[in-house]
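Below is one structure, written out as structure tokens; comments come after it.
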């Protein structure tokens, strides 16, 4: 991975034999970051992700959302300028996804990193994005670029707004037609 780029994968990528603290410190230790700096960054990330009381727990002792926060913290400590998220909340229930979205928004605001999120969840894309690239099926091309216009300071309560539904509907209008074509159903109009 190029320097300055962090990745959070769809699957739980925590190491089951390491504690939360050691999972978060893994990349720093492999990069040769000195112990005092590693401790400082790990302490911050563990606290930032709400895992302080679980720092000595193993992944098997955590919920799915907590394990995903461990993976995000492990990326955060590396202080990347670009964070790539590949369906990071795919295995979580809808309520946990929204709350994890709040955590991701907070991370984005506090680190000023550029975040590129890949997701099939329209509401997740809508909530977490300033700009959404709607892509076609093979060959992948952009069908639309949607500027959400959401305020910088936002959280999952945004989903309560009527204009949130309008943006989601715009995304779906493109994706429904494209999905119908990809499934071989030809004209996607009702």
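I'm trying to understand the selection: among the residues of the stretch 144-169, which are in contact with a strand residue (DSSP E or B) (Cβ under 6 Å, 6 or more places away or on another chain) and surrounded by 16 or more Cβ atoms within 10 Å (Cβ to Cβ)?
Once the filter is applied, which keeps residues that are in contact with a strand residue (DSSP E or B) (Cβ under 6 Å, 6 or more places away or on another chain) and surrounded by 16 or more Cβ atoms within 10 Å (Cβ to Cβ), the stretch 144-169 yields only 146.
Could you please find all residues in the stretch 33-57 being under 23 Å from residue 84 (Cβ atoms) and not in a helix (DSSP H, G or I)?
Scanning the stretch 33-57 gives 33, 49, 50, 51.
Among the residues of the stretch 32-45, is any surrounded by fewer than 16 Cβ atoms within 10 Å (Cβ to Cβ) and touching a residue at least 40 places away in the same chain (Cβ under 8 Å)?
no
Please specify each residue of the stretch 100-146 satisfying the condition of being outside any helix (DSSP H, G or I), more than 14 Å from residue 178 (Cβ to Cβ) and under 13 Å from the mean Cα position of the chain (by Cα).
Of everything in the stretch 100-146, those that are outside any helix (DSSP H, G or I), more than 14 Å from residue 178 (Cβ to Cβ) and under 13 Å from the mean Cα position of the chain (by Cα) turn out to be 113, 114, 115, 116, 117, 118, 119, 121, 129.
Identify all residues within the stretch 19-38 that are over 22 Å from residue 92 (Cα atoms) and touching a helix residue (DSSP H, G or I) at 6+ places or on another chain (Cβ under 8 Å); write none if there are none.
Hits for the stretch 19-38 are 21, 25, 26, 27, 28, 29, 33, 37, 38.
Name the residues in the stretch 131-143 that are surrounded by 13 or more Cβ atoms within 10 Å (Cβ to Cβ) and closer than 23 Å to residue 107 by Cβ, would you?
Matches in the stretch 131-143: 132, 133.
So residue 87 fits all but one of (1) without any contact (Cβ under 8 Å) to a residue 12 or more places away in the chain; (2) under 28 Å from residue 176 (Cβ atoms); what number is the exception?
With (1) without any contact (Cβ under 8 Å) to a residue 12 or more places away in the chain; (2) under 28 Å from residue 176 (Cβ atoms) applied to residue 87, the lone miss is (1).
Just the residues that are buried (at least 19 other Cβ atoms within 10 Å of the Cβ), under 15 Å from residue 169 (Cα atoms) and out of contact with any strand residue (DSSP E or B) (no Cβ under 6 Å at 6 or more places or on another chain), please, taken from the stretch 107-128.
The answer is 123, 124, 126, 127.
Which condition number does residue 163 fail, the rest of (1) touching a helix residue (DSSP H, G or I) at 6+ places or on another chain (Cβ under 8 Å); (2) more than 18 Å from residue 71 (Cβ to Cβ); (3) in a helix (DSSP H, G or I) being met?
(1)
For the stretch 58-75, give me each residue that is surrounded by fewer than 16 Cβ atoms within 10 Å (Cβ to Cβ) and in a loop (DSSP other than H, G, I, E, B).
The answer is 63, and nothing else.
Right, residue 5: closer than 24 Å to residue 109 by Cα and within 19 Å of the chain's Cα centre (by Cα) or not?
yes
Just checking, which of 104, 92, 98, 85 is surrounded by 14 or more Cβ atoms within 10 Å (Cβ to Cβ) and at pLDDT 85 or above?
85
Could you tell me whether residue 109 is over 28 Å from residue 151 (Cβ atoms) and touching a residue at least 40 places away in the same chain (Cβ under 8 Å)?
The answer is no for residue 109.
The values are calculated or read from the model by the stated rules, or taken from the named source; none is laboratory data. Quantities reported herein were computed from a predicted structural model and do not represent experimental measurements. Positions of Cβ are backbone-derived with ideal geometry, glycine not excepted, and every protein chain shown enters the neighbour counts.
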